[in-house]
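Here's the structure, in structure tokens; my notes come after.
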Amino acid sequence: MVMRIPNWVLASGLATVVALGAGSSFAGRAIIDGLATGGTGGGGGGGKVTTAAAPKPVAPAPAPVVAPTNCATISKATTTTGYSGVNATIALSFSIADKCATPSTWKVSVIDSSGATQYSETNTTDAMSVGSVNVATLGFNAKYNVSLTVTSSTGAQLARNSLSVSTKQAKVFLADALTVLNNANNDYLTAAASAAAAGTAASTAAADAVYAHDVAAWAAATADSAATAAADAAASAVAAADAATVAADAAAAAPDDADLAAAADAAAADAAAAADASATAAANAQQANDYATSTAAAAVAADSAAAATASAAAAADAAAATAQAALTAAQATYDGLAAIA
């Protein structure tokens, strides 16, 4: 049986041979021979043609979300210089306008002329977008680069500002340091005087409290004595009144007895005197009791005053100690600046 090969197959095979260079290719001649003879061998059965399955389409990976380069800007970046102790200072005041979807990160770096980083601080704009970064550990008469960089949450740079700053010489601040020193000295002298006065007032108040307690104790004892005397006088008045009643009854029973009449008169006089003495003793007792009460209250007030003045003295001592520490620091600053000026 002779297999017939469609013309389009022959044409396709021939085109392939030509493309491969049939004149010099053994494989090309074999293909031509096979096509010319109609194909040989192979054992019949009309073969099957297998078509490979087309690969499934793969979805492209999502592109990373990149923050727009203009979603965060630096609207302000200014520097000031000064001194703190024996070091120069640089303060960077800044303002960042952040409209990114997620908070950006800012970083402040202070780099010296040799390229070494002297200070670095990082934060996010949601925590601090407007503020100031102060660096107080720098050298005098030196150049620094202060940079502020804003990056997105993915690390892309959104904004950057770089400022060249020169710190002043130490001698520039000597006059100011001397003024601070003089003021600190005056403050200390004032605080020390106040502390001394407060201490004197506290001592006086404490002595007054002791005296007030002594007076209150004496007044209480006097009141007790007066109360006892009043009680005795009252008892004497009662006894004298009873005696006058007895004498009057006796005189009435013997109206012609001159002695009994005289005795009745005398007893009545004694009773009247005893009543007067009792009234006086009662009045004295009341007065002594009132005085004891007032002196006891005065002692309590003196205790309060002593406590208040003692507290004031302690506060004055603390203020004097603070002023002294400030004076010591001001002196050290001035001496240090003078040494390197």
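The values are calculated or read from the model by the stated rules, or taken from the named source; none is laboratory data. It should be emphasised that the depicted structure is a prediction, and the values quoted were computed from it without experimental measurement. In this analysis, Cβ positions are derived from the backbone assuming ideal geometry, glycine residues included, and neighbour counts consider all displayed protein chains.
Quick test of your reading of the structure: Tyr188 fulfils all but one of (1) surrounded by fewer than 18 Cβ atoms within 10 Å (Cβ to Cβ); (2) of a type in the set (Ser, Thr, Tyr); (3) in contact with a helix residue (DSSP H, G or I) (Cβ under 7 Å, 6 or more places away or on another chain). Name the failing condition by number.
Single failed check for Tyr188: (1).
Scan region 141-148 and tell me whether some residue there is under 30 Å from Gln331 (Cβ atoms), at pLDDT 95 or above, surrounded by fewer than 15 Cβ atoms within 10 Å (Cβ to Cβ) and under 31 Å from the mean Cα position of the chain (by Cα).
no
Hey, can you tell me all the residues within region 230-275 that are surrounded by fewer than 18 Cβ atoms within 10 Å (Cβ to Cβ) and either of a type in the set (Asp, Glu) or outside any helix (DSSP H, G or I) (or both)?
Asp232, Asp242, Asp249, Ala254, Pro255, Asp256, Asp257, Asp259, Asp265
Yes/no matrix, rows are residues, columns are (1) closer than 30 Å to Val130 by Cβ; (2) in contact with a Ser or Thr (Cβ under 9 Å, 6 or more places away or on another chain); (3) charged (D, E, K, R); (4) assigned by TED's automatic domain parsing to the domain that holds Thr124:
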| site | (1), (2), (3), (4) |
| --- | --- |
| Leu158 | yes, yes, no, yes |
| Thr179 | no, no, no, no |
| Asn182 | no, no, no, no |
| Asn185 | no, no, no, no |
| Leu189 | no, no, no, no |
| Ser194 | no, no, no, no |
| Ala206 | no, yes, no, no |
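For Gly115, state whether it is on the phi > 0 side of the Ramachandran plot, modelled with pLDDT of 95 or more and surrounded by fewer than 18 Cβ atoms within 10 Å (Cβ to Cβ).
Judged against the criteria, Gly115 is a match.
Applying the selection to region 118-138, what residues are within 23 Å of Lys171 (Cα to Cα) and surrounded by 14 or more Cβ atoms within 10 Å (Cβ to Cβ)?
Residues satisfying the conditions are Gln118, Asn134, Val135, Ala136, Leu138.
Residue-wise test of (1) assigned by TED's automatic domain parsing to the domain that holds Ala229; (2) modelled with pLDDT under 95; (3) under 60 Å from the mean Cα position of the chain (by Cα).
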residue	(1), (2), (3)
Ala251	yes, yes, no
Ser278	yes, no, no
Ala285	yes, no, no
Ala288	yes, no, yes
Thr293	yes, no, yes
Val300	yes, no, yes
Ala308	yes, no, yes
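Check region 178-201 and report whether any residue there is assigned to a helix (DSSP H, G or I), touching a residue at least 40 places away in the same chain (Cβ under 8 Å), over 28 Å from Lys76 (Cα atoms) and in contact with a strand residue (DSSP E or B) (Cβ under 9 Å, 6 or more places away or on another chain).
no
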